[in-house]
Amino acid sequence: MTEDSEMKVALVTGAGRGIGKSIAEALAKSGHHVICVSRSAESCGPVAEAIQASGGSAESLAVDVADRNAVQVASEQFLEQHGTIDILVNCAGITRDGLLFRMSDADWDDVIATNLSSCFAWIKHLARPMTRKRWGRIINISSVIGLMGNAGQANYAAAKSGIHGLTKSLAKEFAARNVTVNAVAPGFITTDMTAELNEAQQTAILGMIPMKRMGLASDIASTTDFLASEGAGYITGQIFTVDGGMVM
Ligand code: NAD
């Protein structure tokens, strides 16, 4: 399918695999044109091609979200092409775990730049046209770690808590313009990111989840798809934990 003028345009970062890929697929299924962004064309390209092959509308671009200049250039390109990005999903993220005394400056800076500052950069460039159009959805993917903290993840927890503050502040700034800003905080989801956990860590995690299973990327995608919908228009400034009951 090719993009038609009635379609809303959604941009999903981290769409090359895992949760972002699942979100891109769900938004395409809901009838949106989806721009799939990830670090490499080899990951986001095939995701956009698969969406098109199954009858959806999508395109892709490799952008390093930690590079402010690259985000600005890509944003200008997308706005020129599409006029407005209606739905922005900030999902790109990395972990660089380590206890504080062993955490390098680079591990701190990379995690903050990729997980948190990237949200600021995309929103700064893409939100103004949403406010002019009086319609927009911004959904930031954070983590339950941003609510609970976690030994060995001070950088990641700080970035994800930062997303919560950013989300609530911008929800207040944009509310009168009908642009909603929410966060989805996944618990432990089966993806390449959590595949790095060893068996003992996985067992410990299952012990903390009342539903006794890890989540699926599609669990996060369906929540995000709802928040992007017309029906979620009166919800803003919220953090939605999707975690099998871990944080209550
Ligand atoms: P993943 O590692 O499988 O995928 C991450 C995606 O982000 C990839 O497509 C990668 O290309 C992209 N990415 C990373 N750095 C980038 C950069 N600098 N520029 C552009 N793209 C970049 O991860 P995932 O498990 O799918 O996680 C997705 C999001 O969900 C992350 O923000 C993560 O923190 C969050 N999250 C995941 C879990 C989980 O259990 N998997 C739990 C809570 C939160």
**Message:** Consider the range 29-50. How many of its residues are in contact (Cβ under 8 Å) with a residue 40 or more places away in the chain and either open to solvent by less than 40 Å² (accessible area, probe 1.4 Å) or within 15 Å of the ligand (Cβ to nearest atom) (or both)?
**Reply:** 6
**Prompt:** Here are GLY245, GLY231, GLY207: which of them is part of a loop (DSSP other than H, G, I, E, B) and either open to solvent by 70 Å² or more (accessible area, probe 1.4 Å) or more than 9 Å from the ligand (Cβ to nearest atom) (or both)?
**Reply:** GLY245
**Request:** Go through ASN140, ASN115 for me and flag whichever is within 12 Å of the ligand (Cβ to nearest atom), farther than 21 Å from LYS172 by Cβ and of a type in the set (S, T, N, Q).
**Result:** ASN115
**Prompt:** Any idea which residue in the range 130-153 is most open to solvent (accessible area, probe 1.4 Å), counting only those that are under 20 Å from GLY231 (Cβ atoms) and in a loop (DSSP other than H, G, I, E, B)?
**Reply:** ARG134
**Complete:** Residues of the range 15-28 being assigned to a helix (DSSP H, G or I), within 14 Å of the ligand (Cβ to nearest atom) and open to solvent by less than 10 Å² (accessible area, probe 1.4 Å), in sequence order, are GLY20, ILE23, ALA24
**Fill in**
Among (1) free of Cβ contacts under 8 Å to residues at least 24 places away in the same chain; (2) within 16 Å of the ligand (Cβ to nearest atom), SER169 falls short only on (2)
**Message:** Looking at ALA221 and the list (1) open to solvent by 20 Å² or more (accessible area, probe 1.4 Å); (2) part of a helix (DSSP H, G or I), which single condition is not satisfied?
**Reply:** (1)
**Request:** Scan the range 81-93 and give yes if some residue there is within 28 Å of GLU6 (Cα to Cα) and assigned to a helix (DSSP H, G or I), otherwise no.
**Result:** yes
**Asked** For SER54, are the conditions met, namely being more than 16 Å from the ligand (Cβ to nearest atom), closer than 22 Å to MET193 by Cα and open to solvent by 30 Å² or more (accessible area, probe 1.4 Å)?
**Response** no
**Message:** Could you check the range 57-80 and list, in sequence order, the residues that are in contact with a strand residue (DSSP E or B) (Cβ under 7 Å, 6 or more places away or on another chain) and either open to solvent by 20 Å² or more (accessible area, probe 1.4 Å) or outside any helix (DSSP H, G or I) (or both)?
**Reply:** SER57, ALA58, GLU59, SER60, LEU61, ALA62, VAL63, VAL65
**Message:** Please verify whether HIS82 is in contact with an Asp or Glu (Cβ under 6 Å, 6 or more places away or on another chain) and within 25 Å of PHE226 (Cβ to Cβ), treating the condition exactly as stated.
**Reply:** no
**Request:** Report yes if some residue within the range 69-83 is within 15 Å of the ligand (Cβ to nearest atom) and of a type in the set (D, E, K, R); otherwise report no.
**Result:** no
**Request:** Name the single residue, out of those in the range 175-197 being touching a residue at least 60 places away in the same chain (Cβ under 8 Å) and either in a helix (DSSP H, G or I) or away from the ligand (no atom under 15 Å from the Cβ) (or both), that is surrounded by the most Cβ atoms within 10 Å (Cβ to Cβ).
**Result:** MET193
**Request:** Please indicate, with yes or no, whether at least one residue in the range 92-106 is touching a strand residue (DSSP E or B) at 6+ places or on another chain (Cβ under 9 Å) and crowded, with 22+ Cβ neighbours inside 10 Å.
**Result:** yes
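The values are calculated or read from the model by the stated rules, or taken from the named source; none is laboratory data. Everything quoted here is computed from the prediction, not taken from an experiment. Note that we place each Cβ from the backbone using ideal geometry, even for glycine, and neighbour counts take in every protein chain shown. Remember, those area values only see protein heavy atoms, side chains included, never the ligands or the DNA or RNA. Shrake-Rupley method; radii C 1.70, N 1.55, O 1.52, S 1.80 Å.
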